[in-house]
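Working notes, beginning with the structure itself.
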Amino acid sequence: MKRVVITGLGTVNPLGSTVEKFWENVKKGTLGVSKIDSFDTTELGVSVAGIIRDFDPAEYFERKDIRHMERFTQIAVASAIQALQDAGTDFKDMDPYRVGTIIGCGIGGIGRIEEEHDKYRAKGPGRISPFFVPMMIGNMAAGQVAIRTGFRGDNFCTTTACASATHAIGEAFRKIKDGYLDVCLCGGSESTITEFTLGGFRTMKASTPFDLNRGGFVLGEGSAVLVLEEYEHAKARGAKIYCELAGYGATCDAYHMTAPADECGASSKAMIEAYTEAGLKPEDITYINAHGTSTHLNDMLETKAVKIALGEEQARKVKINSTKSMTGHLLGGAGGIEAVFTALALRDQFAPPTIHYEQPDPECDLDYVPNAGRAQAMTYALSNSLGFGGHNACIALRRWEG
């Protein structure tokens, strides 16, 4: 089996539209949530979201392309361009069938669906844009990245709600590890800050993961794309390596549409599968980027799952955080940005904070790195994603030391 390393990162998210800006704000514990000003939120009961403020699509696309590309696709393509630049190559010297593109998306262009449906109701089907379908479908982020790069290997979209991006990364890992690809662009993208979506999530409150008074997540938008590369290929071209992606676990609760299973067997099993594939034991894990949505059930049961997966003693030694406290919940894009968080945490030996943490919950009694990031020796880490429908995904990463 081949080894897989991360050689490029790109992101557009509420904390910054480049990796450098993003990571600088992470280290400061910056809040990326702000007041919604693109439409009236008076009747929605929700007035804030994790909004991307510094992204200019004109830096990446011509005007006609911007008109014919939904925002979730725009930010995915921008992230992919950044990741390739960061990797130091466009891989044009390779067989294009050995380079893949796998980008998860939970919902797709719901804003476009709202707009075109309004046109239909007001003026009939003749006013629906001919670009409606190819703009709104969730797989178009992966498709547009492939069109613009010329990569002809595996190209698809994973749609598993909030686990979409981590599944995309895990499937890309397997394709390289098993020898089907040498390189893969992978991650996730989502942009659903619309009146209709917020109406559906109207019970959201301030995002305070693992805090006793948590009341639900804040919606966010964003994208992250990673370049995964077979180690020998990366080594031969002298690539910069962030870390090694060493394991992947994927399971299903088979329990409920939205609620996680209270016995935590499947979610803990995903973690066990990931670190076992990496050849690790529970005591090797030093950091976990938790799913940490700030809902009562998720945070309580994810804490329980960590204890089952690692054992009570080791669970209390591990640094755990929810970076959603800074970005909001990016839904199908969440696992992508959280993989970037984890890769950079290992590189810099810095555990990002869970901000807004004020009152401990007796049911969430682990070390959540409250309010301020922490210098921390870390060699192996896990990144968790848990999605509606009972989807669980986890990746295991190893610090790269050359």
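The values are calculated or read from the model by the stated rules, or taken from the named source; none is laboratory data. Quick caveat, the model's predicted, so the values are computed rather than measured. Cβ: placed from backbone, ideal geometry, glycine included. Neighbour counts: every protein chain shown. Heavy atoms of the whole protein, side chains included, go into the accessibility calculation; ligands, DNA and RNA do not. Shrake-Rupley method; radii C 1.70, N 1.55, O 1.52, S 1.80 Å.
The figures follow:
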{"read-out": "Convex hull per residue volume in Å³, alpha carbons only, for the range 56-179", "value": "121 Å³"}
{"read-out": "Cα gyration tensor, the chain - rounded (a/c under 1.5), prolate or oblate", "value": "oblate"}
{"read-out": "Whichever aspartates and glutamates have a C-alpha closer than 16 Å to that of residue 304, once near sequence neighbours (fewer than 8 apart) are set aside", "value": "211, 253, 262, 263, 312, 313, 361, 363, 365, 367"}
{"read-out": "For the range 85-144, radius of gyration divided by Kirkwood radius, i.e. Rg to Rh on alpha-carbons", "value": "1.21"}
{"read-out": "The chain, relative contact order in percent, only Cα pairs under 8 angstrom and at least six apart counted", "value": "23 percent"}
{"read-out": "Charge context of residue 102, other residues only, Cβ under 13 angstrom, K/R +1, D/E -1", "value": "0"}
{"read-out": "Net charge of Cβ neighbours under 13 Å - reference residue 124; Lys, Arg +1; Asp, Glu -1", "value": "+2"}
{"read-out": "Under the Debye formula (equal points on every Cα, no solvent term), log10 I(q)/I(0) of the range 165-277 at q = 0.10, 0.18 Å⁻¹", "value": "-0.47, -1.11"}
{"read-out": "Residues whose placed amide H lies under 5 Å from that of residue 9, excluding near-sequence neighbours", "value": "86, 87, 227"}
{"read-out": "Solvent exposure of the chain as accessible area per residue, Å², 1.4 Å probe", "value": "39 Å²"}
{"read-out": "Accessible surface of the range 104-154, 1.4 Å probe, proportion on carbon and sulfur as whole %", "value": "56 percent"}
{"read-out": "If the convex hull is drawn through the Cα atoms of the range 277-402, its volume per residue in Å³", "value": "106 Å³"}
{"read-out": "Under 16 Å from residue 324, Cα to Cα: lysines that are on another chain or at least 8 residues apart", "value": "27, 28, 205"}
{"read-out": "Simple Cβ-charge dipole of the range 139-230, Lys/Arg +1 and Asp/Glu -1, about Cα centre, in debye nearest 20", "value": "200 debye"}
{"read-out": "Nearby aspartates and glutamates by direct alpha-carbon distance to residue 2 (threshold 20 angstrom, same-chain neighbours under 8 apart not counted)", "value": "95, 154, 171, 178, 182, 229, 230, 232, 244, 273, 277, 401"}
{"read-out": "Radius of gyration, Dmax [the range 239-323; alpha carbons; angstrom]", "value": "13.4, 44"}
{"read-out": "Accessible-area composition of the range 160-298, carbon plus sulfur, in percent [1.4 Å probe]", "value": "54 percent"}
{"read-out": "Accessible surface of the range 13-90 [probe 1.4 Å, protein heavy atoms]: carbon and sulfur percent", "value": "47 percent"}
